[in-house]
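**Q** Take a look at the following structure, please.
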Amino acid sequence: MSNEALFETDRDFMVDSQIVARGVHDPRVLEAMRTVPRHCFVQPDYRYLAYTDGPLPIGSGQTISQPYIVALMSELLQLKGDEKVLEVGTGSGYQAAVLAQLAKEVHTIERHANLARYAASILEQLGVTSVHVHVGDGTLGLPELAPFAAITVTAAAPNVPDILLAQLSEGGRLVIPVGSRGSQYLERWRRQGDHYDQEDIIPVAFVPLIGEHGWKP
């Protein structure tokens, strides 16, 4: 069996054992998780661990998130396929590649220029053309491109940045981990006019969100 066939088998097992088994059932999300080759976004030394149940280092003190968390956050965004989405924290580009399967247009921001370049190169190699990678302070969002139907933040904030909430369209969803540097709750916020409904989802542990409206370096 070729390496790609083995990776495909591992990917199917990952979805069934790590994602479906934990309650993620959106068929579009499951298909995206079965389709996007996570091993392509993992550093070569860790590629054999690409479909295991946990985060992996990608350099610059950052990680590629646990597959279940990627799937859960994607499902919480409730995407139908015609949306413009913002991701804060590009990292390896894996979450953006998954979102590209679920939305029409994805903008993703990374403060580490080397990671942004790496992610953009992997996305280009895979032929993903609907993801636009930006370098900058993700806590500011991209107000010049707002509003967004959905925003996902892949690092932990001490509080929900009001500037990101303001960039949601009517009915838009923001999914973000909020709490201390050591532990957080994954939260979903939904815009209803000038009001925002908030839900606590599950306890999580993410790297800190660094920036003007996050943690200080």
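**Q** For segment 129-155, what are the residues that are hydrophobic (A, V, I, L, M, F, W, C), under 15 Å from the mean Cα position of the chain (by Cα) and closer than 19 Å to A116 by Cα?
**A** Result: V131, V133, I151, V153, A155.
**Q** Can you go through D82, D53 and tell me which one is free of Cβ contacts under 8 Å to residues at least 40 places away in the same chain and closer than 21 Å to L142 by Cα?
**A** The match here is D82.
**Q** State which residue is nearest to the chain's Cα centre (by Cα) when the search covers only segment 2-27 and only residues that are charged (D, E, K, R) and over 10 Å from Y68 (Cβ atoms).
**A** So, considering only residues that are charged (D, E, K, R) and over 10 Å from Y68 (Cβ atoms), the one nearest to the chain's Cα centre (by Cα) is D26.
**Q** Somewhere in segment 40-49, is a residue within 16 Å of I122 (Cβ to Cβ), out of contact with any helix residue (DSSP H, G or I) (no Cβ under 7 Å at 6 or more places or on another chain), surrounded by fewer than 15 Cβ atoms within 10 Å (Cβ to Cβ) and aromatic (F, W, Y)?
**A** The answer is yes; a qualifying residue exists.
**Q** I've got another one for you. So how many residues does segment 51-71 have that are surrounded by 20 or more Cβ atoms within 10 Å (Cβ to Cβ) and more than 16 Å from the chain's Cα centre (by Cα)?
**A** 1
**Q** Right, next: Since Y185 meets every condition but one in (1) touching a residue at least 40 places away in the same chain (Cβ under 8 Å); (2) within 20 Å of Q78 (Cβ to Cβ), which condition does it not meet?
**A** Just one mismatch for Y185, condition (1).
**Q** Taking strands (runs of 3 or more DSSP E) that do not extend beyond segment 72-157, which have at least 2 residues that are surrounded by fewer than 18 Cβ atoms within 10 Å (Cβ to Cβ)?
**A** Per the criteria, 131-135.
**Q** Among residues belonging to segment 50-61 that are in a loop (DSSP other than H, G, I, E, B) and touching a Leu at 6+ places or on another chain (Cβ under 9 Å), point out the one that is farthest from L123 (Cα to Cα).
**A** S60
**Q** In segment 182-198, which residues are within 26 Å of G54 (Cβ to Cβ) and either exposed (fewer than 13 other Cβ atoms within 10 Å of the Cβ) or aliphatic (A, V, I, L, M) (or both)?
**A** G182, S183, L186
**Q** A further question follows. Based on this model, can you work out whether V36 counts as touching a residue at least 40 places away in the same chain (Cβ under 8 Å) and touching a helix residue (DSSP H, G or I) at 6+ places or on another chain (Cβ under 9 Å)?
**A** yes
**Q** When you go through L115, L140 one by one, which is the residue that is more than 26 Å from D200 (Cβ to Cβ), in contact with a strand residue (DSSP E or B) (Cβ under 9 Å, 6 or more places away or on another chain) and touching a residue at least 12 places away in the same chain (Cβ under 8 Å)?
**A** L115
Rule-based calculations on the coordinates, nothing more; no lab input. The structure presented is a predicted model; accordingly, all values stated were derived computationally and were not measured. When we count neighbours, we look across all protein chains shown, and the Cβ atoms used for this are built from the backbone with ideal geometry, even at glycine.
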